[in-house]
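The numbers here are math on the coordinates, done by the rules we state, and not lab data. From a predicted model like this one, the values you see are computed outputs, not experimental measurements. All Cβ positions, glycine included, derive from the backbone under ideal geometry; neighbour counts span all protein chains shown.
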Amino acid sequence: MTQDEIIEMARQAKLPNSDIYHGNLEVFAKLVAAKEREACAKTVETIETYEKIEKACFKFAAKTIRARGEQ
């Protein structure tokens, strides 16, 4: 979920525009997105596998998920 998607959902929920325009919602959207990315990355990292190649792929996937926050 992107920051813009979270902001759009807030607008659909009819949150006050003053919060959106004063940056409060953008900060909240970043926090929500970061928490969701970390939850996804941890889920991928905990997948049990006996194959080294699969484990490397899952670690790469977790790293890629976390990197989305650096864009």
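Taking the charge dipole of the chain about its Cα centre, with +1 at Lys and Arg Cβ atoms and -1 at Asp and Glu Cβ atoms, the residue from 65, 46, 25 reaching farthest to the positive side is 46. Between the helical axis of 24-45 and the longest alpha-carbon principal axis of the chain there is an angle of about 10 degrees.
Counted residue by residue at 0.36 nm each, then reduced by the alpha carbon distance between them, the extension gain from residue 68 to residue 8 reaches 19.6 nm.
The alpha-carbon of residue 52 sits under 22 angstrom from the alpha-carbons of these lysines, leaving out residues fewer than 8 places away in its chain: 42, 63. Straight Cα distances below 21 angstrom link residue 14 to the lysines 30, with same-chain residues fewer than 8 positions distant left out.
Of the options (1) 43, 12, 11; (2) 20, 13, 10; (3) 34, 10, 8, only one is semi-axes √(5λ) of the Cα gyration tensor in Å as computed from these coordinates, and that is (3).
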